[in-house]
1. Thr86 passes all but one of (1) among the hydroxyl-bearing types (Ser, Thr, Tyr); (2) within 13 Å of Phe51 (Cβ to Cβ); (3) touching a residue at least 12 places away in the same chain (Cβ under 8 Å); which number fails?
2. Going through region 60-76 one residue at a time, which ones are acidic (Asp, Glu) and either touching a residue at least 60 places away in the same chain (Cβ under 8 Å) or surrounded by 13 or more Cβ atoms within 10 Å (Cβ to Cβ) (or both)?
3. Kindly evaluate Val97 against the criterion of being surrounded by 10 or more Cβ atoms within 10 Å (Cβ to Cβ), within 21 Å of Gln151 (Cα to Cα), touching a strand residue (DSSP E or B) at 6+ places or on another chain (Cβ under 9 Å) and modelled with pLDDT of 85 or more.
4. Exactly one of these conditions fails for Gly45: (1) modelled with pLDDT of 90 or more; (2) open to solvent by 40 Å² or more (accessible area, probe 1.4 Å); (3) over 13 Å from the mean Cα position of the chain (by Cα). Give me its number.
5. Is it fair to say Ala75 is modelled with pLDDT of 95 or more and either closer than 29 Å to Pro150 by Cβ or within 23 Å of the chain's Cα centre (by Cα) (or both)?
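The values are calculated or read from the model by the stated rules, or taken from the named source; none is laboratory data. Quantities reported herein were computed from a predicted structural model and do not represent experimental measurements. Heads up, the Cβs are rebuilt from the backbone with ideal geometry, glycines too, and the neighbour counts pull from every protein chain shown. Each accessible area value is taken on the protein alone, full model and side chains, heavy atoms only, with ligands, DNA and RNA left out. Shrake-Rupley method; radii C 1.70, N 1.55, O 1.52, S 1.80 Å.
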Amino acid sequence: MKTLAHGIVLMLLLLSGCSSRPVAEEALFRPWCWDNAKHARQCLGQSAQVFVARVDECAWEDLGPHRLTPWHYKATVVKSYKGDWTVGERVAFVHCVDAPAPTSSISKRPDGQLVFIFTNEHTNSEIGLDTGEWGAFREDMAPALDYLYPQRPR
């Protein structure tokens with residue numbers, strides 16, 4: 001009887017060990033709302049460039065009422081996961097927001113903020129980024145990109 005009980009416990013432990021890998025992968029991609037590595041690769045497959053940048057400058061344009069408000073950013077690449085952007089390179093991008101331009105200076109400017117950028121461009125010109133092509137960096141999101149794009153030797 002003891003042997004049977006030990007066998008059942010061992011089998012349960014082995015089965016739980018087998019199922020922990022998908023659960024761990026699921027948890028890794030959850031902050032991005034991706035199901036797994038395959039889903040993540042499908043989502044990122046459209047972007048030739050995947051990197052993190054530190055915002056150095058930020059300004060907006062007031063184009064008047066009922067118009068999109070362009071926000072212009074200048075940033076420095078701090079980590080490159082995929083593509084040609086290298087650490088230290090400068091990147092300029094613009095993102096248009098469907099909201100009025102601020103009427104006064106912003107109390108909390110995004111200077112120094114880290115952002116993820118997903119694009120097909122590698123250029124010295126300003127890049128236009130839509131929603132989903134960039135976003136605030138969060139520590140819990142980086143491990144998924146580290147998993148998908150292990151650091152390349154330089």
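1. Only one criterion in (1) among the hydroxyl-bearing types (Ser, Thr, Tyr); (2) within 13 Å of Phe51 (Cβ to Cβ); (3) touching a residue at least 12 places away in the same chain (Cβ under 8 Å) is unmet by Thr86, namely (3).
2. Narrowing region 60-76 to residues acidic (Asp, Glu): 61-62.
Answer for region 60-76, where residues must be acidic (Asp, Glu) and either touching a residue at least 60 places away in the same chain (Cβ under 8 Å) or surrounded by 13 or more Cβ atoms within 10 Å (Cβ to Cβ) (or both): just Glu61.
3. Details: surrounded by 10 or more Cβ atoms within 10 Å (Cβ to Cβ): yes; within 21 Å of Gln151 (Cα to Cα): no; touching a strand residue (DSSP E or B) at 6+ places or on another chain (Cβ under 9 Å): yes; modelled with pLDDT of 85 or more: yes.
It is false that Val97 is surrounded by 10 or more Cβ atoms within 10 Å (Cβ to Cβ), within 21 Å of Gln151 (Cα to Cα), touching a strand residue (DSSP E or B) at 6+ places or on another chain (Cβ under 9 Å) and modelled with pLDDT of 85 or more.
4. Failed condition: (1).
5. Considered against the rule, which asks whether it is modelled with pLDDT of 95 or more and either closer than 29 Å to Pro150 by Cβ or within 23 Å of the chain's Cα centre (by Cα) (or both), Ala75 comes out as yes.
Yes/no per residue for (1) within 20 Å of Trp71 (Cα to Cα); (2) open to solvent by 50 Å² or more (accessible area, probe 1.4 Å); (3) at pLDDT below 90; (4) not acidic (Asp, Glu):
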{"residue": "Ser105", "(1), (2), (3), (4)": "yes, yes, yes, yes"}
{"residue": "Ser125", "(1), (2), (3), (4)": "yes, yes, no, yes"}
{"residue": "Asp140", "(1), (2), (3), (4)": "no, yes, no, no"}
{"residue": "Asp146", "(1), (2), (3), (4)": "no, yes, no, no"}
{"residue": "Arg152", "(1), (2), (3), (4)": "no, yes, yes, yes"}
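Yes or no, residue by residue, for (1) in a loop (DSSP other than H, G, I, E, B); (2) touching a Gly at 6+ places or on another chain (Cβ under 9 Å); (3) over 23 Å from Pro31 (Cα atoms):
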residue	(1), (2), (3)
Gly64	yes, no, yes
Val77	no, yes, no
Thr86	yes, no, yes
Cys96	no, yes, yes
Ala99	yes, no, yes
Thr103	yes, no, yes
Phe118	no, yes, no
Ala144	no, no, no
